[in-house]
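Student: Got a structure here, written out as structure tokens. Questions coming.
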Amino acid sequence: MSTVHSTTYSLLRHRGMTTIFGNPGSNELPFLRNFPDDFRYILGLHEGVVVGMADGYALASGKPVLVNLHAAAGTGNAMGALTNAWYSHSPLVLTAGQQARPLIGVEAMLANVDATQLPKPLVKWSYEPACPEDVPRALSQAIHMASLPARGPVYVSIPYDDWGHDVDADAELLVERDVQSAGTPSSSQLEWFKEHLAQAKNPAIVLGPEVDASRANQLAVALAERLSMPAWVAPSASRCPFPTRHPCFRGVLPAAISGISAKLEGHDLVLVIGAPVFRYHQNAPGRYLPEGTQLLHLTGDVQEAARSPMGDTLVGDLHATLQALLPLLEQSDRQLPEALPLPEPVPEAPGRLAPETVFDSLNALAPEDTIYVKESTSTVTAFWERVEMRHPGSYYFPASGGLGFGLPAAIGVKLAEPDRPVVAVIGDGSANYAISALWSAVQYKLPIIFIILKNDTYGALEWFSRMLNVDDAPGLTIPGMDFCALANGYGLEAVLAESREAFEKALTEGLASDKPLLIEVPTTTIEP
Ligand code: TPP
């Protein structure tokens, strides 16, 4: 007879979800009993790390991922990381072990009271099965909910006495169920889109993370070339949707209303693909768009579509829509934009390295298919200018700005993409939100290079404090940390690189190694 336990593992196996990220407690042990040989369990030492690793894995693999958390406390620890997973549309199937059913009502230790409320509003769906026999069906629903557009995290709370229950033969029907979505626009919708584009005299294109997630990068390039448009990356970029040395590439739009308006001045049409309109950050009010500019938007997310303050939106599958649209568009006779000039090296001075110098070395030495996981907030602009990214899936940044993503996400990315080099570029502030991820990198023998840019400050906050005229805020400097010692404490090799030569030597050795390496680089502070 099949049980909740055996049916669940069959379901996960059938969906290819054999890598499970977790941090266990007593409520989760019955699920982990007889853990099958064809599954792997990736342990994180804190639930922020667990969700960060799972997020990285889901982003790089494009597949739903099972996460096993411990009751309410584990869920609470995971919530910060969940802000990023929510905004990056990561299909995380979060499960949390619940107390045994008879003990929930009396609020025994580890009862997750009102469990389904706890992760809201950072999940698409939250559920606790009403009876043990419903657990496999609930997990099947969770997997499909997470995977269907717009993708996102879901949550299922499972009482631990459910796992041993028998299920009837029909539970097997769940295992092979397939649920698909289709989203190609109608011919009149395509015609409408085409007409707007054909009439534009000076269009620009703005590309968001969904382009990279749906692997529509080459279609975006073809569209930019077809209409000879400058191509911007949408503000607060969490992925790289467009090759950064392409002649059309213009960089990342600023994350402010007035800043975006200024950059888009002169364009009669702005076509936004696969991004919210827009993901602002600084409060710099102004007109949303320059006078006379029209905005056309394509997204797979109904919420993004509905909440935009301006423009006309088509909700559909990005890849399928672009594929259908391209053959309808004639080649523009406008001149292709000229490629941005390469940035000059910054003069080298004794003392700390400039982050720009670190990025120039990285750009020169890292293989072209390197995947960068970036979480150093003051160096975002410099990084985009200096490090070339050509291939889909080359860049991941916390999608909600919640720190603690970078170190664990790099681990998840490397587990999903073992054949590509993975370099994590992390600020000294950011690194501390999830420092125990280093342990997982060592234990699972993942050759990742962790570069810690140590400027001894919360650099981006120092910049913000100038913007907001707050010149007396405490708590913005973070001196006195030894990242090599921290790394060694988790069993990781580490190098302190205090010159360009030392950094390049360590990087070269790290790239050739089959073990993780941390490189601590004392750096100057720069403007974001
Ligand atoms: N807590 C979380 C979980 N997320 C945040 N974004 C912040 C606090 C606020 N915050 C934004 S940027 C920043 C902080 C603390 C500084 C990060 O410092 P660091 O990683 O050293 O990067 P730098 O800005 O110096 O490049």
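Student: Does at least one position in the stretch 494-501 carry a residue that is crowded, with 16+ Cβ neighbours inside 10 Å, within 16 Å of the ligand (Cβ to nearest atom), in contact (Cβ under 8 Å) with a residue 60 or more places away in the chain and among the basic types (Lys, Arg)?
Tutor: The answer is no; no qualifying residue exists.
Student: Have a look at Gly62, Gly80, Gly56 and point out the one that is at positive phi, under 14 Å from the mean Cα position of the chain (by Cα) and not assigned by TED's automatic domain parsing to the domain that holds Ile411.
Tutor: Gly62
Student: If you take the residues of the stretch 395-406 that are among the small types (Gly, Ala, Ser) and crowded, with 23+ Cβ neighbours inside 10 Å, which of them is nearest to the ligand (Cβ to nearest atom)?
Tutor: My answer is Gly404.
Student: Quick one: how many residues across the stretch 25-42 are touching a helix residue (DSSP H, G or I) at 6+ places or on another chain (Cβ under 8 Å), surrounded by fewer than 17 Cβ atoms within 10 Å (Cβ to Cβ) and closer than 23 Å to Asp161 by Cα?
Tutor: Residues that pass the stated criteria total 7.
Student: Being within 20 Å of Gly402 (Cα to Cα) and crowded, with 19+ Cβ neighbours inside 10 Å narrows it down to one residue among Gly80, Gly97; which is it?
Tutor: Gly80
Student: Inspect all residues belonging to the stretch 407-423 and state whether any of them is within 15 Å of the ligand (Cβ to nearest atom), under 23 Å from Ala494 (Cα atoms) and without any contact (Cβ under 8 Å) to a residue 60 or more places away in the chain.
Tutor: no
Student: Return the residues of the stretch 436-453 that are more than 8 Å from the ligand (Cβ to nearest atom) and surrounded by 22 or more Cβ atoms within 10 Å (Cβ to Cβ); say none if nothing qualifies.
Tutor: Listed by number, the residues that qualify are Ala437, Leu438, Ser440, Ala441, Ile448, Ile449, Phe450, Ile451, Ile452.
Student: So in the stretch 454-479, with the set limited to residues that are β-branched (Val, Ile, Thr) and under 17 Å from Ile426 (Cβ atoms), which one is surrounded by the fewest Cβ atoms within 10 Å (Cβ to Cβ)?
Tutor: Ile478
Student: Filter the stretch 141-169 down to the residues that are in contact with a His (Cβ under 9 Å, 6 or more places away or on another chain) and either of a type in the set (Phe, Trp, Tyr) or outside the structural domain of Ala78 (by TED's automatic domain parsing) (or both) and list them by number.
Tutor: Matches in the stretch 141-169: Trp163 only.
Student: Just checking, which of Ala213, Ala169, Ala231 is within 25 Å of the chain's Cα centre (by Cα) and in contact (Cβ under 8 Å) with a residue 40 or more places away in the chain?
Tutor: So the residue among Ala213, Ala169, Ala231 that is within 25 Å of the chain's Cα centre (by Cα) and in contact (Cβ under 8 Å) with a residue 40 or more places away in the chain is Ala213.
Student: Moving to a separate point now. Any residue that is of a type outside the set (Val, Ile, Thr), away from the ligand (no atom under 16 Å from the Cβ) and over 24 Å from Ala497 (Cα atoms) - is there at least one of those in the stretch 346-363?
Tutor: Checking the stretch 346-363: not a single residue is of a type outside the set (Val, Ile, Thr), away from the ligand (no atom under 16 Å from the Cβ) and over 24 Å from Ala497 (Cα atoms).
Student: Next question. Can you name the condition, by its number, that Asp212 falls short on among (1) touching a strand residue (DSSP E or B) at 6+ places or on another chain (Cβ under 9 Å); (2) over 24 Å from Leu289 (Cα atoms); (3) part of a loop (DSSP other than H, G, I, E, B)?
Tutor: (3)
Student: Now for a separate question. Mind listing just one residue for me: the one in the stretch 512-528 that is touching a residue at least 60 places away in the same chain (Cβ under 8 Å) and surrounded by fewer than 13 Cβ atoms within 10 Å (Cβ to Cβ) and, of those, farthest from the ligand (Cβ to nearest atom)?
Tutor: Asp514
Student: Then there is this: Note down all Cβ pairs under 7 Å where the first residue falls in the stretch 447-464 and is under 18 Å from Leu496 (Cβ atoms), the second is polar (S, T, N, Q) and buried (at least 22 other Cβ atoms within 10 Å of the Cβ), and they're at least six residues apart or on different chains.
Tutor: Leu453/Ser376; Leu453/Thr379; Leu453/Thr523; Lys454/Thr523; Asn455/Thr523
Student: On to the next question. From (1) surrounded by fewer than 19 Cβ atoms within 10 Å (Cβ to Cβ); (2) within 30 Å of Tyr57 (Cα to Cα), pick out the condition that doesn't hold for Leu328.
Tutor: The single condition Leu328 does not satisfy is (2).
Student: Here is a follow-up. In the stretch 195-248, what residues are surrounded by fewer than 24 Cβ atoms within 10 Å (Cβ to Cβ) and either acidic (Asp, Glu) or assigned by TED's automatic domain parsing to the domain that holds Ser88 (or both)?
Tutor: Residues satisfying the conditions are Glu195, Glu225.
Student: Let me ask another. Have a look at Ala71, Ala100 and point out the one that is on the phi > 0 side of the Ramachandran plot, in contact (Cβ under 8 Å) with a residue 40 or more places away in the chain and of a type in the set (A, V, I, L, M, F, W, C).
Tutor: Ala71
The values are calculated or read from the model by the stated rules, or taken from the named source; none is laboratory data. Please read these numbers as outputs of a predicted model, since none were measured by experiment. For neighbour counting, all protein chains shown are included, and Cβ atoms are generated from backbone atoms with ideal geometry for every residue, glycine included.
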